[in-house]
Structure formats: C-alpha cells, structure tokens
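Reading through the structure tokens given below for one structure.
The values are calculated or read from the model by the stated rules, or taken from the named source; none is laboratory data. Because the structure is predicted, anything quoted here is derived from the model rather than measured. Please note: Cβ atoms are built from the backbone with ideal geometry, for glycine as well, and neighbour counts cover all protein chains shown. These accessible areas exclude ligands, DNA and RNA; they are computed on the full protein's heavy atoms, side chains included. Shrake-Rupley method; radii C 1.70, N 1.55, O 1.52, S 1.80 Å.
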Amino acid sequence: MAPSATNENGHSNGTAKLDFTTFSNTINGKLVPASDGATRHGINPATKKANPPVPVATKKDLDAAVEAGRAAFKKWAKTSVQERREALVKFADALGSLQEEFAQLLTMEQGKPLMFARQEVQSGPAWIKGIGNLDIPEEVVEDNEDRKVITRYTPLGVVGAIVPWNFPVQLACGKITPAVLTGNVIIVKPSPFTPYCDLKIGELAQQFFPPGVVQVLSGDDNLGPWITSHPGIDKISFTGSTVTGKKVMESASKTLKRVTLELGGNDPAIICKSVNIATVAPKIATLAFLNSGQICLCVKRIYIHKDIYNEFRDAMVEHTKTFKVGNGTEDGVFLGPVQNSMQYEKVKGFFDDVEKNGMKMAVGGKVSETGGYFINPTIIDNPKEDSKIVQEEPFGPIVPIMTWSDEDDVVARANDTQMGLGASVWSSDLDEAARIAKQLEAGSVWVNAHIEVSPLVPFGGHKQSGIGSEWGSSGLKHFCNSQSLFLKKKA
Ligand code: NAD
C-alpha cells in the first residue's frame with residue numbers, strides 16, 4: 001500500500017516523487033492504514049462521485065502518533081533553528097515541484113477551479129518559506145551590573161492542528177511551519193471532507209523531517225474531539241467555524257492546552273461615494289464570490305453609499321454575470337461547486353429565507369439540482385439589516401448589498417456583529433478611508449483591498465472570530481512558552 005518514494009529513514013536526497021493514487025496516515029515516519037483497517041472516502045463535489053479510500057484513524061492510531069510525537073519532540077526541540085529552517089526549505093521546494101499533481105488533487109477533493117487550486121498549492125511553499133524565514137530572537141529586558149534578564153521562547157511540545165475544508169493546503173502549511181520551526185512537533189488532522197492533499201503533504205514531509213515530527217491522521221468526526229482532549233497534546237491550532245471553535249476550547253480547557261482559534265467571519269466592505277465604480281465594483285464582486293464564497297475572509301456584507309448604490313449594484317451585477325460556474329477542471333470556470341452536501345444544504349437555507357421573506361435578488365436566484373453542488377452567484381438587493389443573510393455567515397456564493405449615508409451609522413452597522421475577522425473601506429479619499437478603517441472592529445482591516453494576506457503578517461480575529469493569531473513573528477510566539485531567564489552575575 002505504501003507508495004515507494006517515501007524514505008522510511010526520515011531524510012532523503014530531496015527528490016520529490018509521490019504516488020497520488022493511494023492514501024495513508026503517517027505515524028512515526030511510516031505510511032500506515034488505520035489500525036483496524038477501516039476506510040472511508042471523500043466526494044468530488046463537482047460530480048458527487050466517490051474519491052479514493054482514506055484511513056479512518058482509531059484512538060489507538062492517535063495514541064501511537066502522540067507517543068511518537070513525544071519521543072521525536074525530545075530530539076527535535078534540541079536541533080538548531082537553522083537546521084529546522086533548512087529542512088523546511090527543502091520541504092517547500094519539494095511541494096513546489098509537485099504543484100500540478102497537488103493542484104489536480106485539490107480540485108478533485110475541494111472543487112475549486114484549477115487556476116485557484118494552483119494558486120493555493122503555490123501558497124504552500126510561499127507560506128513555508130515566508131514563515132520559515134522568521135525569527136523570534138531572545139529579548140534582553142534588563143542588563144546591569146547585578147543581572148541580565150532575557151525573555152526567550154521555548155517550544156510547547158506536541159501540537160494538534162485541525163484544518164477545515166476550504167484551504168487544506170495553505171492552512172496545513174501555515175500550521176506545520178511555525179510549529180516545527182519553533183521546535184515543536186505536529187499532528188495534522190484534515191477535514192474529513194478534504195483529507196487527500198493533507199495526507200500527501202504528511203507523506204512528503206517524511207522525506208525531510210525525522211519520524212514523529214510531522215504526522216497526519218485522516219479520521220472521522222471522532223478524531224477532532226480525541227485530539228482536543230488528549231493529555232499528550234500540548235496545543236491546539238484550530239481553523240474552522242466559531243461553533244466548533246467553542247467546543248475545541250471547552251475540550252482543551254480540561255488539560256489546559258494552549259489554543260489558537262481561527263474562526264468564522266462576516267466581513268463588511270464599506271463603499272464610499274468617491275470610488276471609481278468601473279474598477280471597484282468588479283473587485284468587490286470577485287472578493288465576494290472567490291472560492292464560491294467559501295473563504296473566511298470573503299466580503300460578506302457590502303455597504304454602498306446611497307448616492308452611487310444603483311450604479312454600483314448594476315456594475316456588480318454585470319461583472320457577476322461573467323463568472324462561469326462549473327466543474328473546476330473546465331477552462332474559464334470561476335466558481336466551482338460548494339464543497340460538500342452539508343454546506344450546500346446550509347447555503348440553500350439562505351436562499352429559502354430570501355424567498356420566504358420576499359427579498360429582491362439583483363442577480364442569481366434559485367438553486368436547482370445538478371450533478372454537482374453548484375450554486376449561481378447571487379446578490380441580494382438591499383435586505384433588512386436584521387435578516388439572516390446580513391446577520392449570519394453563509395459561506396457560499398450569496399451576498400447582500402445595502403445602502404448607507406451617514407458615516408457613524410455605517411460604522412455602527414459594520415461593527416454590529418459578534419464576528420471580527422476582516423473589514424474593508426473603499427474610497428478615493430484616503431483620509432476618509434483611514435478614518436473609517438480605524439473604527440472597524442476586526443483583526444485585518446484594509447483600505448481599497450480585502451483578503452490580502454501574507455505569511456509575514458499576523459492573522460487572527462477579534463470577538464468571536466478567534467483567539468490568538470497565526471503567521472508572522474507574533475504567530476510564532478503562539479507556538480511557544482515565554483520564559484523569563486534571570487542571570488545573576490555574582491553567585
Ligand atoms: P468546522 O468547524 O466544521 O470544521 C473544521 C475542522 O474541525 C474540521 O477538521 C473538522 O473535522 C473539525 N471538527 C469538527 N468538530 C470538531 C470537534 N468537536 N472537535 C475538534 N475538531 C472538530 O469548519 P468547516 O466547515 O470545515 O470550515 C468552515 C468554517 O471555517 C467557516 O466558518 C469559516 O469562516 C471558517 N474558517 C476560518 C478561517 C480563519 O482563518 N479564520 C479560515 C478558513 C475557514
């Protein structure tokens with residue numbers, strides 16, 4: 001079952017070759033099936049056909065991974081940052097050299113169009129190298145005749161990384177890198193909807209890291225709770241919905257695990273009347289419907305100044321009509337299917353609510369049954385502020401547009417949510433834009449942009465969009481204990 005390219009001794013000469021037809025868990029440097037042999041499979045959301053079998057990890061498998069991780073941690077924590085960085089760079093290059101294979105696999109399991117799958121796979125090496133190049137140097141807090149006091153950052157131990165189904169490659173790389181760079185080891189749990197690329201990332205990692213440093217387990221709905229409650233795991237790095245994030249925190253609290261939670265969003269975009277409608281309206285439509293609306297940072301509530309509302313709406317509608325919906329393997333497709341049946345039903349619930357309450361659709365409309373989970377991009381024309389489509393995150397290709405006229409009022413409406421992930425202001429008047437932007441309650445705020453992220457910039461949410469941050473050097477610190485070291489100069 002094990003693809004031949006994997007070097008069981010942990011290190012290789014860096015030749016990146018993987019078999020993309022069979023899928024195994026990686027435990028202690030080995031490719032293994034589930035201990036009881038159980039398998040399940042994901043679904044290609046564009047065809048509703050079964051993808052290949054993947055293991056369903058048992059509790060015993062998790063225990064074995066934790067034991068291997070704890071053993072590996074003892075040695076890995078003692079390696080130099082330089083050594084870890086070199087391993088990461090080789091890993092990144094190997095991943096980059098398999099871009100096309102990973103992109104095809106990603107489209108098959110996730111549904112996103114190939115051009116976006118290629119971009120996501122490219123972001124893997126970019127995130128590994130970007131974060132891998134960062135440092136958290138020791139800080140000298142005090143240095144006098146009597147003593148020197150240093151703040152240093154030490155690794156936590158075994159990290160459990162829980163990944164959602166919308167960006168399995170980028171988000172797994174964005175957790176593996178800071179964990180291993182800071183001297184931790186990591187067990188990655190992909191979403192059961194999208195286990196394929198992450199299992200291959202785990203397999204590839206065996207060529208560059210000693211056994212037990214990077215392990216990946218595919219499982220069913222039991223595996224997440226087993227990880228968050230496992231006494232041998234020291235930290236949970238979680239990306240997913242707010243509802244699940246609360247369960248993760250509750251479970252992790254029993255063993256006082258460190259947690260980083262990257263959760264849902266309901267991002268507002270405020271469009272001021274000075275914008276160039278011809279250039280900004282297509283951008284806003286794109287930022288609402290990228291990845292079929294399944295990005296935590298997609299624009300999810302659009303507030304358009306009343307003086308330009310009609311013209312801006314019409315320009316958005318015209319641009320939205322050019323988006324091709326279909327199987328991500330077809331040329332020119334911009335919106336692939338929604339990723340899974342559960343999400344499809346959830347998004348359909350928003351359409352039902354729109355219909356039930358007689359809201360107006362500027363473009364798009366009813367969801368019709370097809371061979372895949374396809375939904376046409378839909379804009380809801382000026383719904384009430386308290387409607388479901390404004391208040392909740394659909395995580396699908398349906399977005400509301402509303403009017404505003406008073407600056408204080410639109411800021412209050414933008415902030416009137418438990419979410420606080422991203423927000424943006426669009427204006428040709430940069431003073432006005434900066435003034436509004438600084439009042440927005442969100443972890444990332446942009447002027448004349450949205451969704452722009454970087455491995456060097458900390459990413460995290462305010463309010464119920466998360467706790468802590470990942471990426472950037474402050475993200476590294478969330479994978480560490482802070483230690484105050486007092487060095488007395490005389491005994
Ligand atoms: P989800 O919360 O359903 O699942 C996320 C992961 O958690 C999956 O791997 C799942 O198997 C696991 N999980 C489920 N129940 C668990 C439990 N009780 N204990 C431990 N793990 C458990 O989220 P999803 O549907 O996969 O992703 C969509 C959501 O994620 C959206 O709300 C989106 O906004 C959010 N998201 C946030 C970010 C961010 O960085 N802030 C990025 C991507 C997605």
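Give region 343-367 a look and list any residue that's assigned to a helix (DSSP H, G or I) and touching a Phe, Trp or Tyr at 6+ places or on another chain (Cβ under 8 Å), or say none. Walk me through it before giving the result.
Filtering region 343-367 for residues assigned to a helix (DSSP H, G or I) gives 343-356.
Matches in region 343-367: Gln343, Tyr344, Lys346, Val347.
Note on region 321-339: residues that are touching a helix residue (DSSP H, G or I) at 6+ places or on another chain (Cβ under 7 Å) and either under 22 Å from Lys384 (Cα atoms) or open to solvent by 40 Å² or more (accessible area, probe 1.4 Å) (or both) amount to 1. Comparison of Glu101, Glu145, Glu109 shows that the only residue that is assigned to a loop (DSSP other than H, G, I, E, B), of a type in the set (D, E, K, R) and in contact (Cβ under 8 Å) with a residue 24 or more places away in the chain is Glu145. Before we move on, is Ile270 crowded, with 23+ Cβ neighbours inside 10 Å and under 22 Å from Pro168 (Cβ atoms)? Spelling it out, it is not the case that Ile270 is crowded, with 23+ Cβ neighbours inside 10 Å and under 22 Å from Pro168 (Cβ atoms). Looking at Ala449, Ala442, just one residue is hydrophobic (A, V, I, L, M, F, W, C), crowded, with 21+ Cβ neighbours inside 10 Å and either in contact with a helix residue (DSSP H, G or I) (Cβ under 9 Å, 6 or more places away or on another chain) or at pLDDT 95 or above (or both), and that residue is Ala442.
Kindly evaluate Lys273 against the criterion of being outside the structural domain of Glu100 (by TED's automatic domain parsing), under 30 Å from Asp408 (Cα atoms), among the charged types (D, E, K, R) and assigned to a helix (DSSP H, G or I). Before the answer, list the steps.
Numbers: outside the structural domain of Glu100 (by TED's automatic domain parsing): yes; under 30 Å from Asp408 (Cα atoms): yes; among the charged types (D, E, K, R): yes; assigned to a helix (DSSP H, G or I): no.
So Lys273 fails the test.
Within region 280-314, if we keep just the residues that are over 30 Å from the mean Cα position of the chain (by Cα) and of a type outside the set (Lys, Arg), the residue that is surrounded by the most Cβ atoms within 10 Å (Cβ to Cβ) turns out to be Phe312. Considered as a group, the residues in region 340-381 that are open to solvent by 50 Å² or more (accessible area, probe 1.4 Å) and within 24 Å of the chain's Cα centre (by Cα) include one that is nearest to Ser292 (Cα to Cα), and that residue is Asn376. Going residue by residue through region 294-307, is there one that turns out to be more than 16 Å from the ligand (Cβ to nearest atom) and part of a helix (DSSP H, G or I)? Yes, region 294-307 contains at least one residue that is more than 16 Å from the ligand (Cβ to nearest atom) and part of a helix (DSSP H, G or I). Tell me, which residue of region 221-241 that is farther than 21 Å from Glu67 by Cα and open to solvent by 40 Å² or more (accessible area, probe 1.4 Å) is farthest from the ligand (Cβ to nearest atom)? That would be Asp221.
Criterion applied to Lys477, Lys463 was being among the basic types (Lys, Arg), surrounded by 14 or more Cβ atoms within 10 Å (Cβ to Cβ) and away from the ligand (no atom under 16 Å from the Cβ), and the one residue passing it is Lys477. For region 242-259, which residues satisfy the criterion of being part of a loop (DSSP other than H, G, I, E, B) and buried (at least 16 other Cβ atoms within 10 Å of the Cβ)? Listed by number, the list holds a single entry, Lys257.
For every residue, the table says whether it meets (1) within 16 Å of the ligand (Cβ to nearest atom); (2) open to solvent by less than 10 Å² (accessible area, probe 1.4 Å); (3) closer than 22 Å to Ile227 by Cα.
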position: Glu139; (1), (2), (3): no, no, no
position: Asn144; (1), (2), (3): no, no, no
position: Trp165; (1), (2), (3): yes, no, yes
position: Val169; (1), (2), (3): yes, yes, yes
position: Lys189; (1), (2), (3): yes, no, yes
position: Thr194; (1), (2), (3): yes, yes, yes
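With respect to (1) touching an Asp or Glu at 6+ places or on another chain (Cβ under 9 Å); (2) away from the ligand (no atom under 14 Å from the Cβ); (3) not small (Gly, Ala, Ser), the lone exception for Ile201 is condition (1).
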